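Any read-out appearing in this document is the output of simple, stated calculations on the displayed coordinates, not a laboratory observation. Only a predicted model underlies this, so the values are computations on that prediction, with no experimental measurement involved. Virtual Cβ from ideal backbone geometry, glycine too; neighbours counted across all protein chains shown.
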Amino acid sequence: MSKIEVNTIDVACGSTLTLGSSGKTVTIASGASTSGMGRSGAVDWQTTPKTSTFTAVNGEGYFINSGSALTMNLPAGSSGAIVAVADYARNFATYNLTISPNGSEKIGGIAGDATANVNGQSLTFVYVDSTKGWVNVQNAEDTEQGSNYITATGGTITTVCTNYKVHTFTSPGTFCISAGTGADAKVDYLVIAGGGAGGSSGGGGGGAGGYRESKTSLVSGCWSASPLVSSTPLGPFTPGAIPITVGAGGAITPTPCSVGAAGSSGSVSTFSSITSAGGGGGGGRAPSIGPITNGGPGGSGGGGSWDIPGSNSASTGGTGNTPPVSPPQGQNGGYGRHNGPTHSVPGGGGGAGSVGSNEGSGGPAGYGTGNGGNGVTSSINGTPTARAGGGGGDTTYSGAGGTGGGGNRRVAGTANTGGGGGGGSDTAPTAAGAGGSGVVIIRYRFQ
């Protein structure tokens, strides 16, 4: 290796001095320093993240990975000194980083600490002079990161709010993830089970299918959830197939065999670890001869049937949120009785948002309407939609289904809402309404 020892290298003519040639590298020896060449703003990044309070060194950059707030002490300032820092864990908003100057030195002209408190934030400080001290020359408040967002198939797929995909399953299927891992591979969901069928012959309304929903920060995007929303998403997921079950509505037995029969409960809907219970069937009873039946339990409870004329005893509504989850997946059904010699007043099925009406809660001469409980509204798929309403009981004064797909008396619940079916006739062997089928909707960020 040749060695040239000189004090000065200068150009023979002109004003440009070239060191090295194209494709070659000019290296400054380890331990050597330069003077008068200035800085380009680059620092030597230390690739072992800091997890506790430390003192920075001129010319170095640091990644912060902490589960608590910590402090970076700046070195004594000298003109041209440079220090950089970046949020490795992307949690500065929770665990602030304090940047503290040496002694009475300043940061941006103020003799005091600076704070990094934005997730993903990175900063670069250069020491200028005693007037301004350390000046932040680069502040990125949400540094770019690699994306592990989900890519998937299954159901009917739509794009909403530019960055989000929605998969809607109106029948059983498979949510198949082909890409996506880590914190970005999470989803929000709406899982509604099948509604219960109404009871026949003065029967109570069917309860709505269980209603379960989440809305979280990763998938929040431009939509409104129901009051029953959970703040916990599902995931993170890894590539693979996830079976989807969409529950059928509760069935009725065709007349005349259905005279006096209680409605069947709806079937469960499932996605991953989320299971919504089928709505409870409405109570039923044969005119003037059979015993009353209570409303069945379920996601929302079915309404109770009317009683033998003149007995004035009550049937009970089914218990909602069975089995119990939090937030609750539904409400109770209303109770019913035979109120006087001619008026049958079974209860309405419970809805996701409110209980079914009891007998005596309205109508002429105090006779109950037997209305179904109302459902709740979500725009997880981009369109505000009410779902999971309870079925109306079959009263003399025509019990109405609850908003969100609940069937009026003798009318089926609306498909893919989990609405409860309406109760059957109290004067003839007319079939009750079947429960409406459920639905599963999955939403995630894909870019």
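Work out the FRET efficiency for residue 383 and residue 171 from their Cβ-Cβ distance, taking R0 = 25 Å, and round it to the nearest 0.05.
Between residue 383 and residue 171 the formula returns 0.80.
Tally the DSSP beta bridges in region 44-140 and give the antiparallel ones as a percent, rounded to 5.
Details: 16 of 32 bridges.
Here the antiparallel bridges make up roughly 50 percent for region 44-140.
Mind ordering 238-249, 262-273 by average Cβ neighbours within 10 Å, highest first? Working shown, then result.
Values: 238-249: 19.8, 262-273: 26.7.
Sorting 238-249, 262-273 by mean packing, highest first, produces 262-273, 238-249.
Mind scanning 50/215; 50/106; 50/132 and naming the pairs with a C-alpha gap bigger than 31 Å?
Over 31 Å Cα-Cα: 50/215.
Report the net charge of residues surrounding residue 62, where surrounding means a beta-carbon distance below 12 angstrom and charges are Lys +1, Arg +1, Asp -1, Glu -1.
-2
Show me 319-327, 196-204, 293-301, 439-447 ranked by packing, highest mean number of other Cβ atoms within 10 Å first.
Highest to lowest by the protection proxy: 196-204, 293-301, 439-447, 319-327.
Given 0.36 nm per residue, what is the gain on full extension from residue 135 to residue 153 after removing their alpha carbon distance, in nm?
1.5 nm
Enumerate the residues in region 61-87 having an amide nitrogen under 15 Å from the point lying 7 Å beyond the Cα of residue 98 toward its Cβ.
From region 61-87, the list is 68-74.
Mind giving me the FRET efficiency for residue 446 and residue 7? R0 is 51 Å, r the Cβ-Cβ distance, nearest 0.05 is fine.
Calculated value: 0.25.
Separation of region 220-252 and region 154-199 by C-alpha centroid, Å?
6
Using θ = phi - 60° and the Karplus form 6.51 cos²θ - 1.76 cosθ + 1.60, what ³J(HN,Hα) does each residue of region 228-239 get, whole Hz, x for Gly and Pro?
8, 6, 9, 9, 10, x, 9, x, x, 9, 10, x
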